[in-house]
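Each remark here refers to the structure printed beneath this line.
Where a number appears in this text, it was derived from the coordinates with a stated rule and is not lab data. Only a predicted model underlies this, so the values are computations on that prediction, with no experimental measurement involved. When we count neighbours, we look across all protein chains shown, and the Cβ atoms used for this are built from the backbone with ideal geometry, even at glycine.
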Amino acid sequence: MTPQNTAHTANADPASRATDPTASTEPVLSVRNLTVTFPSEAGSVHAVRGVDFDLMPGRTLAIVGESGSGKSVTSLAVMGLLPDYAKVEGSVVYAGTELIGKSDKEMSKIRGKDIAMIFQDPLSSLTPVFSIGDQLIEAIQTHRDVSKKEAEKEAVRLLELVGIPEADKRVKSFPHEFSGGMRQRVVIAIAMANNPRVIIADEPTTALDVTIQAQILEVLKVAQRETGAAVIMITHDMGVVAGTADDVLVMYAGRPVELGDVDTIFNNPKMPYTVGLLGSTPRVDKATDEPLTPIVGTPPQLIDVAAECPFADRCPVVKDECQTLEPELRALDDVPGHFASCLRSDEIKDGTIGGERMYPLPKISADTLGDTPYEQRPVTLEVKNLVKDFPLIKGAILKRRVGTVHAVKNVSFDVHQGECFAIVGESGSGKTTTLLEIMNLNPPEGSTIVVNGTTTSGLSASARRKLRKDIQIVFQDPMSSLNPRMTIREIIAEPLESLGYEGDVGQRVAELMQLVGLESHQVDRFPGHFSGGQRQRIGLARALATNPSIVVLDEPVSALDVSIQAGIINLLHDLKNRLGISLVFVAHDLSVVRHLSDKVAVMYKGDFVEYGPTDEVFDNPQHAYTRALLSAIPVPDPAVERDRVREIYQPTETPA
């Protein structure tokens, strides 16, 4: 059955809608049986397979799913931006006009005027050699018969509308002179320049800090209110979905697997994949001792797709019938407009089957140190008055120092055995610099770093090298931190061999792979053969090779899908308990921090503004910056998101 007119309950205040465009019962955009196929050496890649949806005027449809689910390809097919070798079939009707089959010249009259798109990376969306004003003026004059003077005036008005300060002056600036958040505001201004009826936002906040993300989402609401446009929001963040969407389309392996209004999808999902996405999402607003429920496995290759449910290999409630046919997206009886692609959808209620949890809770090892309070355990890492300055250099040939950047300012903390300590803050706050200074084990004069009772100041190179086995690091991007020319065996064995390990290296590598949840038969493969989550497990195995007492992690899950992220978070929690190691990690996602850390420091411009036990800091934040960070994190609950009030930090308070 084809889903039609799925809009039922609005997620936002009706006053925020432009002249109540939802009064129309005709969709502004109607997609039917959309398929996209790409040729490859291995065979045809069926990237999108039978997507159906209606986009109603003034409403927001969120399209969610893991990487490779077909979200972005669907939006590019709608815009007519796919390469010539892509085979696009089906129907995309905008305001009664069929778009599939139109030439690029014909589509260029629609793009930017009737349907606008906001891409993930604002810097690549803007031309670096033209000013912001020139690019806005071009967007206006391409589709409107106005003079340059009128277009300039409109460009300034649009910049003011999206919150660019001193718009009349900044209109002459170039993209590189703007921050990431300001560049995204400019892209939104360009998108709304011609009052489009449809705005497609493809992961518009993924690369931004949480406070900037919250502001950009508000700007998108302004754009929708000013233009009356319907919005397609493509995202993997279920919190963003809860706060912005009226309706939700869940995609998996190129197919829609569930469709309905936002309250129904969050409160009564009927597809096991949707249940898994929600269960693997950490929440910043609730403390819980329960582990997250990751979706085990990876999505299927979309080459020569088998005639079975594509989720069957990962589904915890799979039946024999699921492996013989691919279920259609069908209407359900619970709520009008609710569709699901699952043979067992009628059995699923509130994310359970027969009242039983669909996804079993992963087992987390008991703390090897028992119930001993952290403050009574040995201190594994002590940092006192850590400072890091960088010279500010000017001039290309005759370079001169014109100032100093104080990246880290007198930071002090300690970490006990088996404790997880997190440092949170926005980009540029000094988090990663703090970690790298700790890993350097050579603090500047006046600063102190103590590892397992050994003060690192004044150590010889050989003594520092020997101490380094006690503290290891895992980097943010698992692919760039692993040598693509080395096998997994060589990668994990390298620190053992460099530090003169006297045991059986092969046996130790096998033990480490088992420890992080990898199969021993994968040991001779290369990093490129693994998924992002598996590569991060390889990085963890390498870090654990020397039996360190401290593992430092720099944004260890930020590059991963939420379903994979949950497995890594659970693994870190399990390793901490089982091995008694201390974890020090930096993150910008406070939801992850709340779920994993025991103690947290909030960092702002190189200094700790708040520091304490995680639950105390999250439940009763004392500093305005902490409150602003917490209020900016989206919560995956539509009812909560509707009533939340965002705080904007005004830097006047002293550290708490």
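For this structure, a couple of remarks:
- Helical runs assigned H by DSSP (4 residues or longer) give the chain a calculated mean residue ellipticity at 222 nm of -8500 deg cm²/dmol, each run adding -39500 (n - 2.57) before division by the residue total.
- Cross-link partners of K469 among aspartates and glutamates, defined as those whose alpha carbon lies under 20 angstrom from its own and excluding same-chain residues fewer than eight positions apart: E382, D414, E419, E437, E490, E494, E497, E502, D504, E511, D554.
- Annotation: lysines with alpha-carbon distance below 16 angstrom to K384 (same-chain offsets under eight excluded): K409, K431.
- Taken as entire DSSP H runs, the helices of the chain that both span 24 Å or more between Cα atoms along their own long axis and average -0.5 or more on the Kyte-Doolittle scale are 210-227, 562-579.
- Applying both filters, DSSP loop and at most 15 other Cβ atoms within 10 Å, to the GluC sites (Glu not before Pro) of region 141-250 gives E166.
- Put in order of Cβ neighbour count within 10 Å, fewest first, the listed residues T97, T546 become T97, T546.
- Proximal aspartates and glutamates to K148, defined as alpha-carbon separation beneath 12 angstrom and excluding residues fewer than eight positions away on the same chain: D134, E138
- Rounded to the nearest 20 debye, the dipole size of the chain about its Cα centre is 2080 debye, using +1 on the Cβ of Lys and Arg and -1 on the Cβ of Asp and Glu.
- Label-to-label distance, M107 versus R644, with points set 7 angstrom from Cα along the beta-carbon direction: 3.5 nm.
- Trypsin sites (Lys or Arg not before Pro) restricted to region 387-450 and DSSP loop, no more than 16 other C-beta within 10 Å: K399
- Among V186, V645, T205 - extreme Cα towards positive end, dipole of the chain, charges at beta-carbon: V186
- Near I473, the amide H atoms lying under 5 Å from its own belong to V552; only residues 5 or more places off or on other chains count, and H is placed 1.01 Å from N.
- Dipole magnitude (debye, nearest 20) for region 367-410, charges at Cβ of Lys, Arg, Asp, Glu: 760
- Here the alpha carbons of region 374-620 define both size measures, Rg and Dmax, at 18.6, 57 Å.
- Per principal axis, descending, Cα span of the chain in whole Å: 74, 67, 49
- For the cross-link pairs K286/K363; K153/K221; K149/K169; K270/K576, the ones whose C-alpha atoms lie over 25 Å apart are K270/K576.
- Relative contact order for region 374-620, counting Cα pairs under 8 Å that sit 6 or more residues apart, in percent: 27
- Farthest positive-ward along the chain dipole, Cα basis, beta-carbon charges - from P373, A307, T487: T487
- Listed from fewest to most Cβ neighbours within 10 Å, the set T404, T235, T37 follows the order T404, T37, T235.
- Residue exposure proxy: M233, M486, M192, ordered by other Cβ atoms within 10 angstrom of their Cβ from fewest to most, comes out as M486, M192, M233.
- For region 510-656, convex hull volume per residue from C-alpha positions, Å³: 138
- Length-normalised contact order of the chain in % [C-alpha pairs under 8 Å, at least 6 apart]: 15
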